[in-house]
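Structure first, commentary second.
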Amino acid sequence: MAQLKGTEQFVAESLLSYFSKSFENVFVEEGDDPPDIYLTINGRRIPIEITDIDQNVLKGRRTIDGGYLKFIVNLDDEFGPLIDKDQKLMLSFYHNYIKVSTISKKFKMYLKSLIERNELKTNTNIEDCINNVNFKISVISMPTNRKIKIAGSVMPFCGKFKKSRDIDTMHATISDCHLLGQTHDIVKERIFDKSIKCKDIKEPIWLALCDNYYNKFTDFNNQEHFEHYKDVFKEIEDIGIFERVLVIFENGDVLEFNSSVNSVK
């Protein structure tokens, strides 16, 4: 473990301390990048990939989000005049980190077809998927003097589509859940990215997430940091190729999420 540095060394030392409390023979050695380290517990040698949880992870998402938001503006310019004067379209894109250029032409054809077939009735919700990008089109009533006819939002991931909520409820939910949502997005992106990087490693493999994000919002005096990540993992059904995900906190605490039992320890 002497050659490990920075985050890798901190995670390795934290895991060594954590698992030594429950097992007698525990040691850590440098990995092959990937994985970053090997953790041996009572003779079982486990490859572990290590990554940071911080806000820089979302920079790539912002670029993709921006592409979809610009696309929505362009849709309003092109198709807005074709929407009934007392209607407005609310678009929701769930891109799974797929660029808007992958679906732009097909989505325009899709939307044009809906307009031509007169399927955009007020209070209608249409849910579909193009090239693994999920989307929802909601048709709402609006005053006839509004200029913007097509607006929308962008999210990285989506499981089941949820029923529409009124705008006040949406604002309240966003305000309360912003931090939780940000953490969720970062964790999902890390699982997705590291699953690709580690796809050739013989399973089982674990993922260690070093928290450098939520530590800014907690003093670690109670179990609140655990509860935050437990809430995050309640909304994550797929942890990629990993048998287990470990969250390592600044104070050395470790939280385990085990996919085989669908639980957090």
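The values are calculated or read from the model by the stated rules, or taken from the named source; none is laboratory data. Please read these numbers as outputs of a predicted model, since none were measured by experiment. Quick reminder, even Gly has a Cβ in these numbers, built from the backbone with ideal geometry, and neighbours come from all protein chains shown.
Taking the stretch 1-47 on its own, how many of its residues are of a type in the set (Gly, Ala, Ser) and without any contact (Cβ under 8 Å) to a residue 12 or more places away in the chain? Show your work before the answer.
As a first pass, look at the stretch 1-47 and keep what is of a type in the set (Gly, Ala, Ser): 2, 6, 12, 14, 17, 20, 22, 31, 43.
Adding the requirement that they be without any contact (Cβ under 8 Å) to a residue 12 or more places away in the chain leaves 2, 6, 20, 22.
Adding up the residues that qualify gives 4.
Given the condition over 30 Å from residue 239 (Cα atoms), at pLDDT below 95 and not assigned by TED's automatic domain parsing to the domain that holds residue 217, answer yes or no: does some residue in the stretch 154-163 qualify? Before the answer, list the steps.
Just the residues of the stretch 154-163 that are over 30 Å from residue 239 (Cα atoms), to begin with: none.
No, the stretch 154-163 contains no residue that is over 30 Å from residue 239 (Cα atoms), at pLDDT below 95 and not assigned by TED's automatic domain parsing to the domain that holds residue 217.
For residue 101, which of the numbered conditions (1) surrounded by 12 or more Cβ atoms within 10 Å (Cβ to Cβ); (2) not assigned by TED's automatic domain parsing to the domain that holds residue 215 fails to hold?
In the conditions (1) surrounded by 12 or more Cβ atoms within 10 Å (Cβ to Cβ); (2) not assigned by TED's automatic domain parsing to the domain that holds residue 215, residue 101 misses (1) alone.
What residue, of 85, 70, is part of a loop (DSSP other than H, G, I, E, B) and outside the structural domain of residue 181 (by TED's automatic domain parsing)? Step through it out loud before you land on a result.
Numbers: 70 fails: part of a loop (DSSP other than H, G, I, E, B).
Exactly one residue qualifies, and that residue is 85.
Being more than 20 Å from the chain's Cα centre (by Cα) and without any contact (Cβ under 8 Å) to a residue 40 or more places away in the chain: is that true of residue 99 here? Full working, then the answer.
Working: more than 20 Å from the chain's Cα centre (by Cα): no; without any contact (Cβ under 8 Å) to a residue 40 or more places away in the chain: yes.
The answer is no for residue 99.
List the number of the failed condition for residue 39; all other conditions in (1) outside the structural domain of residue 152 (by TED's automatic domain parsing); (2) modelled with pLDDT of 95 or more; (3) surrounded by fewer than 19 Cβ atoms within 10 Å (Cβ to Cβ) hold.
All conditions are met except number (3).
Looking only at residues that are within 30 Å of residue 248 (Cα to Cα) and either at pLDDT 95 or above or among the aromatic types (Phe, Trp, Tyr) (or both) in the stretch 52-97, which one is surrounded by the fewest Cβ atoms within 10 Å (Cβ to Cβ)?
To start, the set of residues in the stretch 52-97 that are within 30 Å of residue 248 (Cα to Cα) comprises 52-65, 94-97.
Add one more test, that the residue is either at pLDDT 95 or above or among the aromatic types (Phe, Trp, Tyr) (or both), and what stays is 94, 97.
Details: 94: 20, 97: 15.
Looking at residues that are within 30 Å of residue 248 (Cα to Cα) and either at pLDDT 95 or above or among the aromatic types (Phe, Trp, Tyr) (or both), I get 97.
Looking at (1) in the same structural domain as residue 37 (by TED's automatic domain parsing); (2) aliphatic (A, V, I, L, M); (3) modelled with pLDDT of 85 or more, which is the only condition residue 180 fails?
(3) is the only condition that residue 180 fails.
Quick one: in the stretch 126-153, which of the residues that are of a type in the set (S, T, N, Q) and surrounded by 14 or more Cβ atoms within 10 Å (Cβ to Cβ) is modelled with the highest pLDDT? Before you say what the answer is, go through the steps one by one.
Step one: filter the stretch 126-153 for residues of a type in the set (S, T, N, Q), giving 131-132, 134, 138, 141, 144-145, 153.
Of the ones still in play, those that are also surrounded by 14 or more Cβ atoms within 10 Å (Cβ to Cβ) are 134, 138, 153.
On the way: 134: 90, 138: 93, 153: 87.
Ranking the qualifying residues of the stretch 126-153, first place goes to 138.
Filter the stretch 230-249 for residues that are over 19 Å from residue 17 (Cβ atoms) and not acidic (Asp, Glu) and give the result.
Taking the stretch 230-249 as the starting set, the residues that turn out to be over 19 Å from residue 17 (Cβ atoms) are 230-243.
Correct list: 230, 232, 233, 234, 236, 239, 240, 241, 242.
Can you pull out every residue in the stretch 225-247 that is in contact with a Phe, Trp or Tyr (Cβ under 9 Å, 6 or more places away or on another chain) and either among the hydroxyl-bearing types (Ser, Thr, Tyr) or more than 30 Å from residue 200 (Cα to Cα) (or both)?
225, 226, 228, 229
Within the stretch 1-31, how many residues turn out to be loosely packed, with under 13 Cβ neighbours inside 10 Å and either touching a Pro at 6+ places or on another chain (Cβ under 8 Å) or not in a loop (DSSP other than H, G, I, E, B) (or both)?
Count: 2.
For the stretch 20-55, which positions are touching a Gly at 6+ places or on another chain (Cβ under 8 Å) and of a type in the set (Phe, Trp, Tyr)?
Scanning the stretch 20-55 gives a single hit, 38.
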